[in-house]
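Nothing in this text is a laboratory measurement; each read-out follows from the coordinates by a stated rule. All values reported here derive from a predicted model rather than from experimental measurement. Positions of Cβ are backbone-derived with ideal geometry, glycine not excepted, and every protein chain shown enters the neighbour counts.
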Amino acid sequence: MVIALALLVQVATGPTSPYPLAPSPVLDLHTLSKELRLGGYVSVRETLRRDTLTAVVNRARLTAQVRPAPFAALRVQVDFTATGFARADTLPAILLTDAYIQLVPPATLETTGPRALHPALIVGQFRTPFSLEFLTPFSLLQTANRSQPIDRHTTRRDIGMLGQLAVGHVLTFTGALVNGEGSNRLTNPDGREMAIGRLTVFPLPRLAVAAKYLGQGSDHRWGYDARWVDLGAIVEGEFLARRGPFNGTTTVDAHGGYVLASYKLRPWLQPVLKWERLRDTRTAGTSTTTTSLTYTTAGLNLLSRGESIRLLVDAIHKSEPGVFTGVELEAQLLAIF
């Protein structure tokens, strides 16, 4: 902890990491160059829970981005900590997360105006455009963990195609057609594609409101979310629901969401409060089980200039009957380069 505080004091400059109002896998080609650019981040976490204390390197990611042509961009990202998340080391130590090419009509690159059209096409492996919290990069999250409704019931990365049409700062529609098998799975054994749609509107300059839908066969997920970012304050919330098959023998009927608020009292000091809830009912044959949980997180974020180093300290009150009820403390140090 002392080392982390010293780093925060010493770092005077670094790459900026603004919290995105409407996150998307689509890259801004104006920020890329013909030369290959490398970046990434490393995250170390300590967790104190009753009589246990654990420390892990939970993220170590390297990203390469380049603009080989005026109308095209390429992004590749790898994770060096995949083995830590796999049972019996069933995944390789280096795991591919993002790998896609983005194409933009050249005629739209320099168009401006309140209703200018900005289309984009992505092909490859990318973040699926469903959940607001998952679309937000892990390195920029306000708390050390994503909320349980999102973590348990949203899609993550997948392989396929994504199209996006932005109409100025009025609205953005993002749609994707993917395998539905998850990342690094090159085949689609069941032959069913997953369709995802997300519509975001901007009623105010610093407010984004979105509705989303996902369908794969009889598996349906839907929801809505909103995010407001202005003058050091962040307020956001997300709701999602899911109904249909969870696997070959179990169906699920779940709904939940979270609300979050944070404010920078100083450029380096940011308290955070988050509340989340999930109700999850699963049926297998004649057996039905229901899980209900409520988590409340009170956090304090210490930020370097440019937020290239971020220390997140969270106290999480977890209420999940039959699993765990109590307080868990987490400290997470991120270094962004």
_Inter-probe distance in nm under a simple model that places probes 7 Å from Cα toward Cβ, at V327 and F71_ = 5.9 nm
*In whole percent, what relative contact order does the stretch 2-336 give with Cα contacts below 8 Å and a gap of six or more residues?*
15 percent
_Rounded Å value of the spacing that divides the Cα centres of the stretch 297-337 and the stretch 191-238_ = 24 Å
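How much FRET efficiency would the formula 1/(1 + (r/R0)^6) give for T296 and N184, where r is the Cβ-Cβ distance and R0 is 41 Å, rounded to 0.05?
0.75
Restricting to DSSP loop positions (anything but H, G, I, E, B) with no more than 15 other Cβ atoms inside 10 Å of their own Cβ, which trypsin sites (Lys or Arg not before Pro) remain in the stretch 150-209?
R156, R185, R192, R206
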*Let me know the charge dipole size of the chain about its Cα centre in debye, to the nearest 20, where only the beta-carbon of Lys, Arg (+1) and Asp, Glu (-1) is charged.*
220 debye
*What spacing in nm lies between the two simple spin-label points modelled at T281 and L109, each 7 Å away from Cα in the Cβ direction?*
5.4 nm
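Kindly give the semi-axes, whole Å and largest first, of the ellipsoid equivalent to the stretch 2-336, taking each as the square root of 5 times a Cα gyration tensor eigenvalue.
Sorted largest first and rounded, they come to 29, 28, 21 Å.
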*Of V57, Q270, T143, whose Cα points farthest to the positive end of the dipole of the chain (charges on the beta-carbon: +1 Lys, Arg; -1 Asp, Glu; origin at the Cα centre)?*
Q270
